[in-house]
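The values are calculated or read from the model by the stated rules, or taken from the named source; none is laboratory data. Predicted model, so just to flag it, every value in this text is computed and none were measured. Ideal geometry is used to build each Cβ from the backbone, glycine not excepted, and the neighbour counts take in all protein chains shown.
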Amino acid sequence: MLRSSSPSLLALAVAVLASGCATTPKAEVTAASELATESTIASRLCKTGEMTILDGSVQDDFGLDIAVCVAPDHTNGHALISARWEGEGGDDEVSCLSNACEGIIEYSRYTRARFTLLQIAWYKDYQVQRVSQSVEASTQEEEVSLASSHSWSFAGTPVDDRTEYPVTNRGSDLSLMSIESYLPQQSWTSPLLALVDIRPEVRPTSTGITIFHGQGERQEYPFGSPSTEVLGALQPLIGDPAIAEIMSECPNSPADNAAYPGFSLTIQEGAFTGWFMRQGDDRTYPLKPTLETGVSAGDPVSALSSAPQPVTEGTLDNEFEWQGMMMITDGAGDDARIDGAGAGSNCIFR
């Protein structure tokens with residue numbers, strides 16, 4: 001059982017619980033606006049001139065401080081909304097003007113009988129952090145229960161796979177409500193706030209690599225693209241590779257191999273010239289490259305949308321061509337799995 005540090009916000013919470021409405025009555029909006037100054041506290045993560053909407057510590061095993069800050073009337077009358085975090089992995093932030101925060105920082109309030117859930121979420125580098133503050137009471141006479149939690153996961157991660165950690169608030173346990181004066185409320189079913197899959201994809205193709213951002217956007221990196229651009233785009237998704245020089249016996253030498261678990265790129269004279277995917281490696285990153293949505297090395301050949309065609313003049317067993325790419329399977333028949341796939345310049349001993 002958590003107790004609110006702000007009697008006025010607690011009174012508002014009780015009023016909201018009593019109303020049992022999913023809508024936001026005008027009186028409640030006015031009350032939330034009046035409480036914005038009261039719920040603001042000093043935060044070392046918020047800058048001079050900013051209001052502190054949220055300031056808390058996530059009770060995980062690593063130590064993470066989080067804050068949501070507002071600079072009123074920042075540009076043309078619009079507030080600047082910022083989410084900042086600091087922990088063992090360093091510090092970072094994301095900001096947007098209040099009239100252009102959709103898909104970057106979003107807030108919602110969901111209310112039903114004797115329950116209110118406040119949520120704010122922010123998106124950066126294909127990852128989403130969510131903070132929830134809730135108030136609940138079985139009856140109007142019972143003591144109000146308040147809870148606050150934080151999660152950090154790849155965009156599109158199902159709710160059952162996300163880990164929620166308690167948050168110790170240094171302000172009110174319902175402080176998120178005070179942002180309603182500055183940030184328009186979104187539906188709790190919006191992709192950023194809900195469980196809709198906006199997970200990005202790394203898709204190697206016959207001509208290079210395409211990154212689908214899951215929000216209608218994509219970036220294409222054809223063979224010949226600067227390797228620094230390709231590695232930089234992949235870094236927030238699958239991390240940093242181990243760089244090693246390809247053996248001199250390979251026909252594409254001199255070249256470097258940028259190796260990730262189960263996936264590698266060929267780099268020649270500073271350009272990305274090929275890729276190869278294989279099964280059997282421990283995958284230490286949460287997002288693995290896919291040939292099609294949900295299909296990667298190690299998956300059944302039958303999972304592909306079209307059947308690969310045998311390469312009759314190939315020198316490898318079970319060698320196929322699929323959509324302009326080279327593919328190797330671990331056998332024949334319905335039980336065969338994709339052992340490897342590649343395109344562009346690669347060094348494969350035959």
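Just a yes or no: is a residue in the range 104-124 modelled with pLDDT of 90 or more, of a type in the set (Phe, Trp, Tyr) and under 15 Å from the mean Cα position of the chain (by Cα)?
Checked the range 104-124: at least one residue is modelled with pLDDT of 90 or more, of a type in the set (Phe, Trp, Tyr) and under 15 Å from the mean Cα position of the chain (by Cα).
Any idea which residue in the range 299-350 is modelled with the lowest pLDDT, counting only those that are of a type in the set (Asp, Glu) and part of a strand (DSSP E or B)?
So, considering only residues that are of a type in the set (Asp, Glu) and part of a strand (DSSP E or B), the one modelled with the lowest pLDDT is GLU319.
What number of residues in the range 253-282 are modelled with pLDDT under 85, on the phi < 0 side of the Ramachandran plot and out of contact with any Ser or Thr (no Cβ under 9 Å at 6 or more places or on another chain)?
3
What's the total number of residues in the range 97-113 that are assigned to a strand (DSSP E or B) and closer than 13 Å to TYR182 by Cα?
5
Residue by residue, here is whether (1) at pLDDT 90 or above; (2) surrounded by fewer than 19 Cβ atoms within 10 Å (Cβ to Cβ); (3) under 26 Å from ILE238 (Cα atoms) holds:
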position: VAL128; (1), (2), (3): no, no, yes
position: ALA147; (1), (2), (3): yes, yes, no
position: LEU176; (1), (2), (3): yes, no, no
position: PRO191; (1), (2), (3): no, no, yes
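Using the structure shown, decide if THR116 is buried (at least 18 other Cβ atoms within 10 Å of the Cβ) and in contact with a Gly (Cβ under 8 Å, 6 or more places away or on another chain).
No; evaluated as a whole, the condition is false for this residue.
Can you name the residue in the range 149-174 that is among the acidic types (Asp, Glu) and modelled with pLDDT of 75 or more and is also surrounded by the most Cβ atoms within 10 Å (Cβ to Cβ) among such residues?
Among those residues, the one meeting the criterion is ASP173.
Among the residues of the range 73-96, which ones are under 17 Å from SER178 (Cα atoms) and surrounded by fewer than 17 Cβ atoms within 10 Å (Cβ to Cβ)?
Answer for the range 73-96, where residues must be under 17 Å from SER178 (Cα atoms) and surrounded by fewer than 17 Cβ atoms within 10 Å (Cβ to Cβ): just ASP73.
Look through GLY224, GLY214 and report the one residue that is at pLDDT 80 or above and either outside any strand (DSSP E or B) or more than 25 Å from the chain's Cα centre (by Cα) (or both).
GLY224
So which of PRO204, PRO200 ends up being more than 16 Å from GLN268 (Cα to Cα), at pLDDT below 80 and surrounded by 13 or more Cβ atoms within 10 Å (Cβ to Cβ)?
Result: PRO200 is the single residue among PRO204, PRO200 that is more than 16 Å from GLN268 (Cα to Cα), at pLDDT below 80 and surrounded by 13 or more Cβ atoms within 10 Å (Cβ to Cβ).
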